[in-house]
Structure formats: structure tokens, C-alpha cells
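The structure appears right after this line, and notes come after that.
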Amino acid sequence: MTTTATTRTLAISSQQIELDFGNGAGIFDQTYSVPEGTILGMIGPSGCGKTTTCRVALGLLTPQKGTITTLGQTPTRFRAEDREQIGYIPQQFVLYPRLSVAENAAFVASLYGMPARQVRRRMDELLAFVDLTDAKHRLGQNLSGGMQRRLMLAGALMHDPALLFADEPTAGIDPVLRARFWGFFRQLRDEGRTLVVTTQVVSEAIYCDFVAVMRKGRILAVDTPQNLRRLALGGEIIDITLENPDEVSRAMGILKEWDEVVKEVRRSPKSEADLHVVVDDAREWLPEVLNKLERKRPKIVVASAAPLEVSYDEVFIKIMEQDAKQETK
């Protein structure tokens with residue numbers, strides 16, 4: 001398993017955490033870390049343990065094995081001042097449907113003993129931040145699903161926490177609003193906050209500083225989005241189209257011999273004239289790969305070549321398939 005490597009102070013440090021509910025449910029051997037001032041995205045299918053992972057880090061569940069610290073403290077031993085540093089957005093709308101947007105925000109602030117003057121100022125800032133100023137007096141039950149989620153985000157930020165957990169905040173909302181949420185999250189990150197965001201939307205990996213891929217309660221990998229691509233694919237891919245499809249076999253033979261640089265060469269399903277060449281860094285090695293082919297006699301003519309951007313859906317599926325194969329061994 002790949003883990004985050006950084007010299008930053010860690011907001012969360014988990015070592016071999018296990019919480020077994022029986023019948024395969026729970027979380028197992030979880031080792032990961034979240035540096036302060038970053039976004040960790042937890043990506044995996046429904047039921048893979050993302051919510052349980054967050055609840056353990058929040059101190060709402062007690063692990064049976066392993067150790068974990070959140071903001072330097074054991075979560076199950078949090079004091080009131082420790083909890084004041086944390087915000088939490090659960091999956092379901094948990095505020096009061098018969099209170100207005102402003103009343104819900106004020107209620108959350110009252111839980112932290114915030115003075116009225118500070119509440120008004122902070123509320124105005126946050127409702128503007130999540131674009132709910134015009135809905136300030138609307139009842140919670142009359143808000144759309146997306147507006148309810150934005151209200152919960154505002155509520156979770158009322159006490160200005162250093163660490164925010166958001167459990168599937170973009171589930172079931174349209175792509176435009178989803179992008180806005182990630183805009184909010186990245187702005188919070190840029191202000192120095194740490195965020196843990198769970199999602200089933202694999203493409204959201206690109207918005208995160210680090211991504212944890214989960215399956216059956218286990219974290220299969222934690223790394224930057226770019227490094228996850230390399231992990232899944234064995235490197236980066238150069239997509240090459242030859243002018244003459246009959247030269248494909250010869251080109252593959254030439255590149256396979258260059259095994260100190262080329263990790264794998266395979267035919268592309270896109271075209272008979274296409275090759276996929278796996279190297280450590282596609283942009284760095286692209287010119288050298290072309291020279292390798294074009295210096296041969298007779299010359300192999302390349303019609304086009306470029307790094308191949310593989311979608312995170314494909315990366316996610318690849319990591320899942322690799323783990324499934326390990327299970328059968």
C-alpha cells in the first residue's frame with residue numbers, strides 16, 4: 001500500500017486500525033495519514049467503510065485494534081476544546097426543517113457558546129460564502145437538496161474549525177453544484193484548513209491533494225492523484241500512432257529491448273497503428289522514445305505521439321481489479 005509522504009504536521013495519523021462488525025463489515029488494517037492544510041478524498045463504493053473510517057477519526061466509534069490520533073489527540077479521549085477544532089457534515093440533512101437558514105446557523109453557533117455579535121458577523125460571512133444570503137429566511141424544509149448541503153457546510157464552519165469532515169457532500173447533486181462544492185473545499189484548504197471528504201464520484205479525485213482508495217473496509221492505496229495513476233498503470237502511458245500499421249510489431253520489439261526505460265509496450269485497442277508505451281514519466285521520455293524509433297533503419301515513421309490521460313474511473317477500476325486478483329491468490 002502506498003502512503004502519503006510529507007514533512008508537514010499530521011492532522012490525522014492512523015496505524016493498523018481495525019473495527020470488525022462481523023460478516024465482513026467494518027474497517028481493517030487502516031494505515032494512513034492526513035497532513036495539515038490538505039484535502040484527503042476517500043473514494044470507494046457504497047458500504048466500503050468510508051463513513052466508519054471518518055467516525056473512528058471523529059471519536060464516535062472506538063477501534064478494536066490499532067492507534068489513531070486526530071489533531072494530536074486520541075479521538076475517544078477528546079476534550080470539549082478538541083471537538084471545537086472539528087467540523088462534521090454527515091450524509092443526511094440533520095438540521096431543523098422548521099427553522100430558517102439563519103435560525104439553523106444561529107442554533108449551531110449556540111452549541112459552541114458564540115456571542116450574538118460574533119454569530120451575526122460569522123453568519124453573514126458564511127451565508128455569502130455558500131451563496132445562501134438570499135435564502136436567509138427560508139425554512140430548511142423548503143430548501144433544495146443542494147441548498148440543504150450548503151447550509152450544513154455553513155453550519156459546520158460556524159465555529160471556524162481547523163479540520164472538516166464531509167461525508168459524501170456531493171452525492172446526488174448536479175455537476176455544476178458539485179464543482180462549486182469543490183471550489184468551497186479548495187478555498188478552505190487554501191485558508192489552512194484540513195479536509196477529509198468521502199465520495200463515490202471517482203472523477204472528484206482530481207480536486208484532492210491525496211486520495212485514499214477503499215474496498216471492503218481496507219485502504220488499498222493513499223497517494224496524490226498523479227501517483228495513483230502511476231500505481232494503477234505501472235507508470236505513465238505514451239500513446240503513439242505509426243504512419244504504417246505494418247511496422248507495429250517491429251516497433252514493439254525495439255521498445256521492449258529498451259527495458260531500462262520502457263516498462264511495457266502493448267497494442268492500443270483504438271487502432272491497428274497505435275501503441276501504448278508505459279514509462280515512468282511520459283512527458284520526460286516522449287522525445288527519447290520517438291528518437292529510439294526514428295533512428296532505426298529502415299526508419300519507423302511516427303504520425304503522432306502524446307502522453308495519454310487515463311481517466312480516474314479507469315484508474316479506480318484497475319486498482320480494484322488488482323486487489324480482487326490478490327484475494328484469489
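The values are calculated or read from the model by the stated rules, or taken from the named source; none is laboratory data. The structure presented is a predicted model; accordingly, all values stated were derived computationally and were not measured. A quick note on method: Cβ atoms are made from the backbone with ideal geometry, for glycine too, and the neighbour counts reach across all protein chains shown. When the accessible area is computed, the model is the full protein with side chains, heavy atoms only, and any ligands, DNA or RNA have been set aside. Shrake-Rupley method; radii C 1.70, N 1.55, O 1.52, S 1.80 Å.
Worth pointing out:
- Answer from V119, V101, V56, V108 - the residue that is under 30 Å from D313 (Cβ atoms) and not basic (K, R): V56
- Looking only at residues in the stretch 263-280 that are touching a strand residue (DSSP E or B) at 6+ places or on another chain (Cβ under 6 Å) and not in a strand (DSSP E or B), the one that is nearest to E236 (Cα to Cα) is K263.
- Cβ-Cβ under 9 Å pairs, at least 6 apart or on other chains, the stretch 123-147 side over 16 Å from F107 (Cβ atoms) and among the β-branched types (V, I, T), far side open to solvent by 70 Å² or more (accessible area, probe 1.4 Å) and assigned to a helix (DSSP H, G or I): V130/R180; T133/D124
- Take the conditions (1) at positive phi; (2) more than 14 Å from the chain's Cα centre (by Cα); E168 misses just one of them, which is (2).
- Checking each residue in the stretch 124-145 for being open to solvent by 20 Å² or more (accessible area, probe 1.4 Å) and of a type in the set (A, V, I, L, M) picks out A128, L139.
- Residue identified as of a type in the set (K, R), more than 23 Å from T224 (Cα to Cα) and in contact (Cβ under 8 Å) with a residue 40 or more places away in the chain among K65, K50: K65
- Restricting the stretch 155-174 to residues that are in a strand (DSSP E or B) and of a type in the set (A, V, I, L, M, F, W, C) leaves a set whose member that is farthest from S144 (Cα to Cα) is L163.
- Those strands (runs of 3 or more DSSP E) of the stretch 183-244 in which 1 or more residues are open to solvent by 30 Å² or more (accessible area, probe 1.4 Å) occupy 210-215, 218-223, 236-242.
- Looking at K299, K318, just one residue is of a type in the set (K, R), modelled with pLDDT under 90 and over 16 Å from V213 (Cα atoms), and that residue is K299.
- Residue in the stretch 302-317 that is open to solvent by 30 Å² or more (accessible area, probe 1.4 Å), in a helix (DSSP H, G or I) and either touching a His at 6+ places or on another chain (Cβ under 7 Å) or among the β-branched types (V, I, T) (or both) present: yes
- Residue identified as of a type outside the set (S, T, Y), open to solvent by less than 20 Å² (accessible area, probe 1.4 Å) and part of a loop (DSSP other than H, G, I, E, B) among C48, C54: C48
- Some residue of the stretch 83-97 being over 30 Å from E18 (Cβ atoms) and outside any loop (DSSP other than H, G, I, E, B): no
- A single member of E309, E284, E314 is more than 24 Å from the chain's Cα centre (by Cα) and closer than 30 Å to Y207 by Cα, and it is E284.
- Residues of the stretch 129-139 that are part of a helix (DSSP H, G or I), touching a helix residue (DSSP H, G or I) at 6+ places or on another chain (Cβ under 6 Å) and either closer than 23 Å to R186 by Cα or not hydrophobic (A, V, I, L, M, F, W, C) (or both): T133 alone.
- Only a single item in (1) open to solvent by 70 Å² or more (accessible area, probe 1.4 Å); (2) farther than 30 Å from S144 by Cα is not met by R98, and it is number (2).
- Flag for L255 being crowded, with 20+ Cβ neighbours inside 10 Å, touching a residue at least 12 places away in the same chain (Cβ under 8 Å) and under 12 Å from the mean Cα position of the chain (by Cα): no
- Hits in the stretch 160-180 - residues which are open to solvent by 30 Å² or more (accessible area, probe 1.4 Å), at pLDDT below 90, more than 13 Å from Q92 (Cα to Cα) and not charged (D, E, K, R): P175, V176, A179
- The set of residues in the stretch 146-159 being open to solvent by 20 Å² or more (accessible area, probe 1.4 Å) and over 22 Å from the mean Cα position of the chain (by Cα) consists of M147, Q148, H159.
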